[in-house]
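Step one of this worksheet: look at the structure below.
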Amino acid sequence: MSAYEDLMAYERVTQALGSVAGRTGWDQETMMPAGAAELRAEEMAALEEVLHARRCNPQIGDWIETAEAKDETAAANLRLIKRRYERTTKIPSELATAMARHTSMGQGVWAQARSDNDFASFAPVLTEMIRLKREEAACLSEDGDAYDALLEDYEPGMTGVELAAMFDRMRPRLVALREKVLGAGAPIALDHAFDEPAQMALTQELSQAFGYDLNIGRIDKAVHPFSSGSGTDVRITTRTSARDPFNSIYSTIHEVGHACYEQAVDHAHLLTPVGSGVSMGVHESQSRIYENQLGRSRAFTGWLFGKMRDQFGDFGVADEDAFYRVVNSVSSGYIRTEADEVHYNLHVMLRFDLERQLIAGDLEVADLEEAWNARFEADFGVAVDKPANGVLQDVHWSFGLFGYFPTYSLGNVYAGCLYQSLREAVPDLDAQLAKGETSTATGWLRDNLQRFGGLREPRETIIHACGFEPTEAPLLDYLDQKFGALYGV
């Protein structure tokens, strides 16, 4: 066999082991008994030790040096393997194993702390996590920016400086829109009890309406909704609330966007680097365009209103127009995952600024809750009432996912670009969505972006799909037009 064929045979086993680790993580958040946390931490550490050793194998460097890329796919696989090899070999095995063990333990501590509204019980775990992440960043950055070194794991080629500049451009228009909308009337909320088994039945129907293949996927419940897996085993989770069915509805549509991306990647690339989504920003573009531009549109919510009536009967909303206003109600809520489109990116900006300070050493965990609460009140005009609604609401830091948060807003920006191009390509989009038909829209996304997986770098992936350089302008214009018309401002 050629050097490339040898490398890809070796990579296939590494990818398979990574899939096992991912499935073990899925089990931890959905099925694992609470008392198994310490054992699971050891299992995850053992898997990481094996994976780290495989990814650091010097033979990979030899194969990369001599392998020849005979087509675009092979070139992409070599590029991605080389990037991972160069990063992984900079991290000592002991550090990789320690991080795996600590992240597995940290998730359980965070979940209990969140339930108890007790940040102090989580603070020591977070302190150690940040110490480990600073050590990792020091290994990776080589005198460069520590935060950029961590960001590279989620959005290759992006920098903190570039993101900060983008956020500085976005913030004034978002704040101005928020002030106009909040001044136009009180938020509208549902006042009804929604059967939770019926919610789960509706999520099944919605997932299939958006093209999620349940023959190679499943839906479960978890504290924090997420998607995992790729290819022919892609799983999502959602959560239910008796007083807020949108929690399950839009969490499901969001995660289905992630899952459909993974299911749509050409299966010829299974267990190769190209065989999954290219970055978290591009991944988030899929979940956000499914959830917001499609799922919260006037056309689709008209169809959804009928499905809600079928499941729950009369739930106190008079008609489709009123339901559209309820779905897109704007308020300064605490929770990022439940935030309306106007406020969502402001939540991300808060986290981005705080975690950059934490990694840089400009903010310590002992001061984090106070810093969070002060920033939240300044940005949203509401005082945080409890840690579960503040610093403890997200699972990410317990997993060590520093550099992940800004990709949520980057995904919104990418989604704005994609939606502009989608509307040009599908002139009758609203007429289709009004019937609950998403296949043309999701098919356009599949054909122009999803099926290529990691073939191109993130920015090039968006350029290829849209035909222009990504910019925040389409997103901001969409938000101004949508909410300006909805609220008459």
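Ordering G22, Q59, L132 by the projection of their Cα atoms onto the charge dipole of the range 1-139, which places +1 on the Cβ of Lys and Arg and -1 on the Cβ of Asp and Glu, puts L132 at the extreme positive end. In the range 1-127, Cα pairs under 8 Å separated by at least six residues give a relative contact order of 34 percent.
A full extension of the chain between A378 and D477 corresponds to an added length of 33.1 nm, given 0.36 nm per residue minus the alpha carbon distance. Dipole magnitude for the range 145-201: about 560 debye, using +1 per Lys or Arg Cβ and -1 per Asp or Glu Cβ, origin at the Cα centre. Please give the FRET efficiency for A268 paired with K386, using the beta carbon to beta carbon distance and R0 = 60 Å, rounded to the nearest 0.05. After rounding, the FRET efficiency stands at 0.75. Counting charges near L392 (Lys, Arg +1; Asp, Glu -1) among other residues having Cβ under 10 Å from its Cβ returns a value of -2.
Size estimate for the range 1-141 follows the Kirkwood approach: the inverse of mean 1/r over distinct Cα pairs works out to 16.9 Å. Ratio of Rg to Rh for the range 196-340: 0.99 [Cα atoms; Kirkwood radius as inverse mean 1/r over pairs].
Summarising the label geometry, the points placed 7 Å from Cα in the beta-carbon direction at C139 and L17 lie 1.6 nm from one another. Per q in 0.14, 0.21 Å⁻¹, report the Debye log10 I(q)/I(0) for the range 130-189, using one uniform scatterer on each alpha carbon and no solvent. Debye intensities relative to I(0), on a log10 scale: -0.59, -0.81.
Between R131 and K70, the contour length at 0.36 nm per residue exceeds the alpha carbon distance by 17.7 nm.
The GluC sites (Glu not before Pro) found in the range 43-96 that occupy coil by DSSP, while having at most 13 further C-beta atoms within 10 Å, are E68.
This model, with +1 at the C-beta of Lys and Arg and -1 at the C-beta of Asp and Glu, gives the chain a dipole about its Cα centre of some 580 debye.
At an R0 of 41 angstrom, the distance between the Cβ atoms of A318 and D27 translates into a FRET efficiency of 0.40. The phi-based Karplus calculation (6.51 cos²θ - 1.76 cosθ + 1.60; θ = phi - 60°) puts the 3J(HN,Hα) values of the range 384-391 at 5, 8, 7, x, 4, 9, x, 5 Hz, whole numbers, x for Gly and Pro. Spin-label pair D367-A201: with each label point 7 Å from Cα along the Cα-Cβ axis, the two points sit 5.4 nm from one another. Can you pull a Stokes-Einstein diffusion coefficient for the range 417-489 at 25 °C (0.890 mPa s), Rh from Kirkwood over Cα pairs, as a whole number of µm²/s? D, rounded to a whole number, is 180 µm²/s. For the chain, the number of Lys pairs separated by eight or more positions or lying on different chains, with C-alpha atoms closer than 20 Å, is 5.
The structure-derived value of Rg/Rh (Cα atoms, Kirkwood Rh) appears in the list (i) 0.95; (ii) 1.15; (iii) 1.06 under the label (i).
Solvent-accessible surface of the range 327-426, averaged per residue with a 1.4 angstrom probe and all protein chains in place: 29 square angstrom.
The charge dipole of the range 1-95, taken about its Cα centre with unit charges on the Cβ of Lys, Arg, Asp and Glu (plus for the first two, minus for the last two), comes to roughly 240 debye.
A crude spin-label estimate for the pair M1 and A193, with each label 7 Å from Cα along the Cβ direction, gives 6.1 nm. Pairs of alpha carbons in the range 281-416 separated by more than 21 Å make up 51% of all such pairs. Taking R0 as 35 Å, what's the FRET efficiency between E179 and F468 from their Cβ-Cβ distance, rounded to 0.05? After rounding to 0.05, the efficiency reads 0.70.
The values are calculated or read from the model by the stated rules, or taken from the named source; none is laboratory data. As the structure is a computational prediction, the values presented were derived from the model and not from experiment. Neighbour counts run over all protein chains shown; Cβ positions are idealised from the backbone, glycine included. To get the accessible areas, we keep the full protein, side chains included, count just its heavy atoms, and leave off ligands, DNA and RNA. Shrake-Rupley method; radii C 1.70, N 1.55, O 1.52, S 1.80 Å.
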